[in-house]
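Notes for the one structure printed next.
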Amino acid sequence: MDFKQSVTMDPSGFVLLADYVPGIVQEIRYYSTFNFVGERIDGYEAPAALLTVEAARALKAVANEMNVQGYRLRVFDAYRPACAVRHFVLWGIEDLDLRMKPYFYPDLEKQALFQQGYIASQSSHSRGSAVDLTLLDMRSGKEVDMGSPFDLFSERSHPDCRAVTDEQYANRMFLQSAMVRNGFQPIDCEWWHFSLRDEPYPDVYFEFPVSPDYLKR
């Protein structure tokens, strides 16, 4: 598949996630500087989560299920423009930029992040139906302990890693089970990442910016 020929700027099938899931917590890391690159990522013009309508509906079902059990969803990333992925690739080529290594990839070299699948040259996020998230305990107001933080590129972040405690592993499986029940599928190297199983645009990568204003055009 030719990546360039698969890119479009058309946002007509997308929605603002907060409009579908009231009360969802958003911590869009790639809009901030606290991410593995250490700067705001290209294409992130607002700290907002955008998703395809189909993925947003499925995530609303997850949120409703979790709310009943005393949890809220905290989203770190959703739709990711193709230009953001190119930003990641260019960062990977710049060997001198290691400022965030202690926080996000302490045990790996930068090129290993691509070789081991933590960062892709074409991301499912750019198809608009993938989301990175965790759970918040509404009673304590704290994140549920998953055994590793978001975007820690390490075997410890693999969903099936048993180096974590039994409670941390159970928390991962609790989140994963809810996502799978509602139409999402996990990946094997990140407990926080899920893609809609029947995504509406399996062969299309989107380029438009992460911006609520862009959806209104």
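Efficiency by 1/(1 + (r/R0)^6): what FRET value for VAL25 and VAL68, r their Cβ-Cβ distance, R0 = 22 Å, to the nearest 0.05? If you can, show how the numbers build up before the last one.
Values: r = 17 Å, r/R0 = 0.77.
For R0 = 22 Å, the calculated efficiency reads 0.85.
To make sure I understand the rule: partners must be aspartates and glutamates, Cα under 15 Å from the Cα of LYS216, and not fewer than 8 residues away in the same chain. Which ones qualify?
The qualifying aspartates and glutamates are ASP10, ASP19, GLU45.
At a 1.4 Å probe, what is the % contribution of carbon and sulfur to the accessible area of the range 1-77?
47 percent
Which value, in debye to the nearest 20, describes the size of the charge dipole of the chain about its Cα centre when Lys and Arg Cβ atoms bear +1, Asp and Glu Cβ atoms bear -1, and nothing else is charged?
About 460 debye.
What are the ³J(HN,Hα) values, in whole Hz, obtained from phi via the Karplus relation 6.51 cos²θ - 1.76 cosθ + 1.60 with θ = phi - 60°, for each residue of the range 157-166 in sequence order, with x given for Gly and Pro?
So the J values, rounded to whole Hz, are 8, 5, x, 8, 4, 9, 7, 7, 6, 4.
Measuring from label point to label point, each 7 Å out along Cα→Cβ, what is the ILE187 to CYS83 span in nm?
Distance between the two pseudo-spin positions: 2.2 nm.
State the percentage of accessible surface on the range 131-175 attributable to carbon and sulfur atoms; use a 1.4 Å probe and exclude ligands, DNA and RNA. Could the numbers behind the result be given before it?
Values: 1080 of 2180 Å².
Answer for the range 131-175: carbon and sulfur cover 49 percent of the accessible area.
Answer with one residue from CYS83, SER32, ALA63: the one whose Cα lies farthest towards the positive end of the charge dipole of the chain, charges on Cβ with Lys, Arg +1 and Asp, Glu -1.
ALA63
Summing Lys, Arg as +1 and Asp, Glu as -1, what charge do residues with Cβ under 10 Å from the Cβ of GLY38 carry, GLY38 excluded? All intermediate terms of the calculation are to be shown ahead of the outcome.
On the way: positive: ARG40, ARG99, LYS101; negative: GLU39, ASP97.
That sum, taken over residues with Cβ under 10 Å, equals +1.
With a 1.4 Å probe and every protein chain left in place, work out the accessible area per residue of the range 1-54 in Å², rounded to a whole number.
Working: 2600 Å² over 54 residues.
Dividing the accessible area of the range 1-54 by its residue count gives 48 Å².
Contour minus end-to-end for ASP160 and ALA46, with contour as 0.36 nm per residue of separation and end-to-end as the Cα-Cα distance?
37.7 nm
Got the relative contact order for the chain handy, in percent, Cα pairs under 8 Å and 6 or more residues apart?
29 percent
Under a 1.4 Å probe, what is the accessible area of the range 79-183 per residue, stated in Å²?
I get 47 Å² per residue for the range 79-183.
Given 0.36 nm per residue, what is the gain on full extension from ALA61 to GLN115 after removing their alpha carbon distance, in nm?
16.0 nm
The values are calculated or read from the model by the stated rules, or taken from the named source; none is laboratory data. In this text the structure is predicted, and so the values were computed from the model without any measurement. Don't worry about glycine lacking a Cβ; one is built from the backbone with ideal geometry, like all the others, and counts go over all protein chains shown. What goes into the accessible areas is simple: the full protein's heavy atoms, side chains included, and nothing from ligands, DNA or RNA. Shrake-Rupley method; radii C 1.70, N 1.55, O 1.52, S 1.80 Å.
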